[in-house]
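The values are calculated or read from the model by the stated rules, or taken from the named source; none is laboratory data. Please read all numbers here as calculations on a predicted model, not as lab measurements. A quick note on method: Cβ atoms are made from the backbone with ideal geometry, for glycine too, and the neighbour counts reach across all protein chains shown. Areas reflect the complete protein model, heavy atoms only, side chains present, ligands, DNA and RNA absent. Shrake-Rupley method; radii C 1.70, N 1.55, O 1.52, S 1.80 Å.
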Amino acid sequence: AQFRRANRQHLAIADHPVLSMGNIDFTIALWVYIDAIPSGDDEMGILYKGTSASYGQEYLIRHTSGRFYFKVADGTAHNASVAAHDLGAPSLGTWYHIVAWHDSVNDQISIKVNNGAVNTASYSAGSHDSGEPMEIGGLDAILPTRCLLPDNALVEELRRILPDLPVYDIGDAV
């Protein structure tokens with residue numbers, strides 16, 4: 001899907017069991033292409049599910065401060081994020097395959113880009129099932145004037161991967 005920042009374009013998908021995670025092991029994989037970074041504001045939402053309340057993010061993948069980030073929150077008082085520091089700053093005009101996951105057994109969240117090094121953070125509070133829609137291409141619920149992908153940004157092949165189950169193509173499930 002291609003999104004235009006000037007038109008505040010993004011895709012919102014109503015809550016569905018395939019999109020809801022809760023405190024389980026889960027993996028999200030997607031491709032993203034960034035054609036431009038908005039001047040004076042490099043924060044761009046890629047994928048988001050949750051509310052704008054503190055700790056309301058069920059899960060979030062974004063680009064900010066020159067890095068891709070993955071974040072989860074428990075819905076009450078705890079959250080954690082991990083940056084793909086080993087990748088460094090993403091280059092414009094390049095496709096990136098982002099894989100982010102929550103390991104509920106080992107109490108960790110992780111992100112890797114283009115099959116590179118894994119960046120991991122400890123996090124024992126888990127994620128939650130918010131019942132909110134999932135947004136692709138924007139974080140309209142959190143920062144409606146800021147966190148939209150810039151012109152010509154693309155998000156492709158969003159997938160949720162569950163342990164011991166087939167890969168779910170989000171587009172086929174909803």
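Tell me yes or no: at least one residue of region 31-45 is modelled with pLDDT of 75 or more, among the β-branched types (Val, Ile, Thr) and more than 25 Å from Ser127 (Cα to Cα).
Yes; the residues of region 31-45 include at least one that is modelled with pLDDT of 75 or more, among the β-branched types (Val, Ile, Thr) and more than 25 Å from Ser127 (Cα to Cα).
For region 78-102, the set of residues classified as farther than 14 Å from Ile34 by Cα, more than 12 Å from the chain's Cα centre (by Cα) and open to solvent by 50 Å² or more (accessible area, probe 1.4 Å) consists of His78, Asn79, His85, Asp86, Leu87, listed by residue number. Residues of region 62-84 being in contact (Cβ under 8 Å) with a residue 40 or more places away in the chain and in contact with a strand residue (DSSP E or B) (Cβ under 7 Å, 6 or more places away or on another chain), which ones? Arg62, Phe68, Tyr69, Phe70, Val72, Ala73, Asn79, Ala80, Ser81 - these are the residues of region 62-84 that are in contact (Cβ under 8 Å) with a residue 40 or more places away in the chain and in contact with a strand residue (DSSP E or B) (Cβ under 7 Å, 6 or more places away or on another chain). Condition check: within 14 Å of the chain's Cα centre (by Cα), small (Gly, Ala, Ser) and modelled with pLDDT of 75 or more. Does Ala14 satisfy that? Answer is no for this residue. Among the conditions (1) open to solvent by 20 Å² or more (accessible area, probe 1.4 Å); (2) at pLDDT 80 or above, Asn7 misses just one, which is (2). Of all residue pairs spaced 6 or more apart or on separate chains, those with beta-carbon atoms under 7 Å, a first member in region 111-123 that is in a loop (DSSP other than H, G, I, E, B) and a second member that is hydroxyl-bearing (Ser, Thr, Tyr) and open to solvent by less than 60 Å² (accessible area, probe 1.4 Å) are Asn114/Tyr96; Val118/Ser110.
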